[in-house]
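Visitor: This is the structure, below, for whatever I ask next.
The values are calculated or read from the model by the stated rules, or taken from the named source; none is laboratory data. Note that the coordinates shown come from a computational prediction; the quantities given were computed from them, not determined experimentally. Cβ placement follows ideal geometry from the backbone for every residue including glycine, while neighbour counts extend to all protein chains displayed. Just so you know, the surface numbers come from the protein's heavy atoms only, side chains and all, with ligands and any DNA or RNA stripped out. Shrake-Rupley method; radii C 1.70, N 1.55, O 1.52, S 1.80 Å.
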Amino acid sequence: MTKYVIRGGKPLHGEVTISGAKNAAVAILPAALLVDGVCRIENVPNISDVTMILEIMKDLGAQVRFINRTTVEIDSSHVYKQNVPYELARQIRASYYLIGALLGRFGRAEVPPPGGCDLGVRPIDQHLKGFSAMGAEIQVENGFIYAVAPGDRLRGAPVYLDVVSVGATMNIMLAAALADGLTVIENAAKEPHIVDLANFLNSMGADIMGAGTDVIKVRGVKTLHGGSYSIIPDQIEAGTYMTAVAAAGGEVRINNIIPKHMDCITAKLVEMGVDIQEDGDALIVRRFGKLHRANVKTLPYPGFPTDMQPQVAAVLCLAEGTSILTEGIWDNRYRYADEFRRMGAKIQVDGKVAVIEGVGQLTGSPVCACDLRAGAAMIVAGLAASGITEIDQIHYVERGYEDIVEKLSRLGADIQAKITPDEDWRTSAC
Ligand code: EPU
């Protein structure tokens, strides 16, 4: 097992370049299954969720070839299977996009329910409702979701989502791209990766309008052709580095971002006393003075992202005064609170609300990354803490952050990935 060992208390200085967006990549790569030709996809983040999606696609018969570390060519002409093995699918949340892509291209899909981080109940009823509205017959049995379109082709249909769901919006877009007729998704999610998926599909010949608003219209086309596309920068990776500077102090230029995507995070950090300047496709983040308390409520885009909630909580632990955090998306996204308490944080959780009394200084401790963003938050807290923080279960962090140890080290952080014997692992804090 590997753990991260951080000697905290060093301000961050320098420049960091943000990688491609995880939650765009995990939908755009499966979208290549819809394409009759070679897709060249650039700015693909080098993270384990991407490796896993590509493994599944290879297993289905897609030819996957890396041109360099972040550019991949995918040829789905020879895909011959529509059934995804349980062992591969259960490891990632985004395996659900294989249902939309396989159903859209071949009229059938056999995929186990998705895995991913434990954030409470994570149903996919809205995805399945969309596929059913488009004529698919869905059965869930023996641990698999079986979806079949009569005549091997879905038909366009209106779909009103009961909840604003990122995954359902993108999955229905995938299924609808090659369907017969018009699909209208109402109450759609508006996250930047939804616009990115629409741009990818349109650049391959799809006809999608309205992505980024709450009504998306997908007029099905007969085929999609190959082409090149570059994935947008990762809003959450960029936000995580912003919180790292807020917590540890210092001055960092964060390159390769879309500043507009960062507004919801920038506004909150400025309220907390962080200085943030926009400079083209970069943000310069400085924090030298004291941090102020703030209330944060997570909401669908353009609200404050749930995927930044644990990291901003780490910063609020260091601020003067009492802050209130309200989680608006997931039922169980405070599992990190016990870990923060080991570091001296004062945090009380009641359902979806956490009350954080700032303590000014955290102390290093052995802690556990209980999920991807909680792990990122442990790193943010560890960078600011006095003494040594050891973070277990860092495979969660590797699901979503490319080269995080190298990137932080270049900013002057004292962080190392240390291989530990299995015995240590069994007696760890997790
Ligand atoms: N929901 C339903 N039914 C559905 C789908 C969702 O009730 O069929 C509910 C969920 O239970 C939740 C809410 O709707 O309360 C929003 O869920 P959503 O579908 O938007 O989440 P997701 O697509 O499963 C993606 C990201 C998450 C991110 C959320 C919200 C991927 C692979 N995952 O999940 O990312 O938190 O959107 O923005 O794109 C992460 O990156 O750490 C992460 C957890």
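Visitor: If I model a spin label at Q139 and S203 as a point 7 Å from the Cα along the Cα→Cβ vector, what separation in nanometres do I get?
Guide: Modelled inter-label distance: 4.0 nm.
Visitor: Let me ask something else. Under 5 Å between amide H atoms, partner at least 5 residues away or on a different chain: which partners does G227 have, H built in plane at 1.01 Å?
Guide: V38, C39, R40
Visitor: Further question: If you roll a 1.4 angstrom probe over the protein chains with everything in place, what fraction of the accessible area of region 92-161 belongs to carbon and sulfur, to the nearest %?
Guide: On region 92-161, the fraction of accessible area on carbon and sulfur atoms equals 51 percent.
Visitor: If I fit a long axis through the Cα atoms of helix 166-176 and take the longest principal axis of the Cα atoms of the chain, what angle between them do I get, 0 to 90°, rounded to 10?
Guide: 20 degrees
Visitor: Let me ask something additional. How many nm is it between the label spots at T363 and R286, if each spot is 7 Å from the Cα in line with the beta carbon?
Guide: Placing both labels 7 Å along Cα→Cβ, they lie 3.4 nm apart.
Visitor: I want the local charge near V252. Using Cβ-Cβ distances under 12 Å, sum +1 for each Lys or Arg and -1 for each Asp or Glu among the other residues.
Guide: Summing Lys and Arg as +1 and Asp and Glu as -1 gives +2.
Visitor: For region 156-170 and region 39-83, write down the distance between their C-alpha centroids in whole Å.
Guide: 26 Å
Visitor: Shifting gears a bit: Using a cut-off of 13 Å between beta-carbons, work out the net charge of the residues near N43 (Lys and Arg +1, Asp and Glu -1, N43 not included).
Guide: Residues close to N43 contribute a combined charge of -3.
Visitor: Contour minus end-to-end for K418 and R69, with contour as 0.36 nm per residue of separation and end-to-end as the Cα-Cα distance?
Guide: Once the chain is fully extended between K418 and R69, it gains 123.3 nm.
Visitor: Separate question: Which value, in Å², gives the accessible area per residue of the chain when a 1.4 Å probe is used on the protein heavy atoms?
Guide: Result: 37 Å² per residue.
Visitor: While we're looking at this one, here's another question. Per-residue HN-Hα couplings for region 127-142, Karplus 6.51 cos²θ - 1.76 cosθ + 1.60 at θ = phi - 60°, whole Hz, x for Gly and Pro?
Guide: After applying 6.51 cos²θ - 1.76 cosθ + 1.60, I find 4, 5, 4, x, 5, 4, 4, 8, x, 6, 9, 10, 10, 10, 8, 6 Hz.
Visitor: Let me ask another. Let's see if you can work this out: charge +1 on each Lys and Arg Cβ, -1 on each Asp and Glu Cβ, no other charges. What is the dipole magnitude of the chain about its Cα centre, in debye to the nearest 20?
Guide: Taking the Cα centre of the chain as origin, the dipole is about 220 debye.
Visitor: Sticking with this one: Based on the Cβ-Cβ distance from V270 to I388, what FRET efficiency comes out when R0 is 22 Å, to the nearest 0.05?
Guide: 0.10
Visitor: Still on this model: Would you mind checking which residues have amide H under 5 Å from S386's amide H? H placed 1.01 Å from N; only 5 or more apart, or other chain.
Guide: L362, T363, G364
Visitor: Moving on to the next point. Tell me what the chain gives for mean residue ellipticity at 222 nm when only DSSP H runs of n ≥ 4 count, each as -39,500 (n - 2.57), the sum divided by the residue total, rounded to 500 deg cm²/dmol.
Guide: The helix-only estimate for the chain comes to -9000 deg cm²/dmol at 222 nm.
Visitor: Which whole-number percent is the relative contact order of the chain (Cα, under 8 Å, 6+ apart)?
Guide: 21 percent
Visitor: Here's another thing I want to ask about it. What fraction of the DSSP beta bridges in region 154-254 is antiparallel, stated in percent and rounded to the nearest 5?
Guide: 60 percent
Visitor: Can you tell me the FRET efficiency between K222 and R108 if r is taken as the Cβ-Cβ distance and R0 is 30 Å, rounded to the nearest 0.05?
Guide: 0.95
Visitor: Could you list the trypsin sites (Lys or Arg not before Pro) in region 220-282 that lie in coil according to DSSP, counting only those with at most 15 other Cβ atoms within 10 Å of their Cβ?
Guide: Answer by residue number: K222.
Visitor: With a 1.4 Å probe and all protein chains left in place, how much of the accessible area of region 197-331 comes from carbon and sulfur atoms, in whole percent?
Guide: 52 percent
Visitor: I'd like the carbon and sulfur percentage of the solvent accessible area for region 1-53, probe radius 1.4 Å, heavy atoms only, ligands and nucleic acids excluded.
Guide: The nonpolar share, carbon plus sulfur, comes to 47 percent.
Visitor: Give me the number: length gained by fully extending S48 to S132, i.e. 0.36 nm times residue separation minus the C-alpha to C-alpha distance, one decimal in nm.
Guide: Contour length minus Cα-Cα distance gives 27.1 nm.
Visitor: Under a Cβ-Cβ cut-off of 12 Å, what is the net charge of the residues other than Y229 that fall near it, where Lys and Arg count +1 and Asp and Glu count -1?
Guide: Its environment carries a net charge of -2.
Visitor: Tell me the angle of helix 97-106 to the major Cα principal axis of the chain, expressed in degrees between 0 and 90 and rounded to the nearest ten.
Guide: Its long axis makes an angle of about 20 degrees.
Visitor: Sticking to Cα atoms, compute the Rg of the chain to one decimal and its Dmax as the biggest Cα-Cα distance, whole number, in Å.
Guide: Spelled out, the Cα radius of gyration and Dmax of the chain are 21.5, 65 Å.
Visitor: Ok, one more. Run the quick spin-label model on R253 and Y160: label points 7 Å from Cα toward the beta carbon, then report their separation in nm to one decimal.
Guide: Taking the simple label geometry, R253 and Y160 are separated by 5.1 nm.
Visitor: Looking at the chain, what % of its DSSP beta bridges pair antiparallel, to the nearest 5?
Guide: The antiparallel proportion sits near 70 percent.
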